[in-house]
Each structure stands twice: as C-alpha cells, then as structure tokens.
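So the structure is just underneath, and the comments pick up after that.
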Amino acid sequence: MLRAVDSTNNSITFCTGSYRTNPSKDLLEIIEAVKGRIHFVHASNVEWIGNLSFQETSHLARDGS
C-alpha cells in the first residue's frame, strides 16, 4: 500500500497489538521498514491464550505476552 502511493501523506496507524498477533513479527523491523510513514501509534497489548489465539489486554506489560 505504501509503495502504491509513494507519498508521506500516505501513512499507517501502527497498532502494536495487531502486528504482534503474529509471533514471528519483529516490531522493530516493521518500524524500520515503514520509517517516516507512521503517523499514529496505537499501543495495545495482547495475551496469548493458545496456539494462534489471543485477546487484547490492558497496556501493562505484566498483563500481556
């Protein structure tokens, strides 16, 4: 999407919880890949409750995975 419209006005909302729903994703690598194109950050937290199963939880680190 960012390559299709290569403009700094075309950006993403970086939701930490959504990106971490795939445990193989590295948030720092994603940030580096889209550097300059993040206009809003939604800091959320997830708790793994099974294999590929999760729920959103509070923002406290102790409450999430």
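The values are calculated or read from the model by the stated rules, or taken from the named source; none is laboratory data. The model shown is predicted, which means the values in this text are computed figures rather than measured ones.
Side notes on the structure shown:
- Residue list for region 18-62, restricted to those being of a type in the set (G, A, S) and part of a strand (DSSP E or B): G50, S53
- Qualifying residue in region 7-17 (condition: modelled with pLDDT under 80 and under 14 Å from the mean Cα position of the chain (by Cα)): yes
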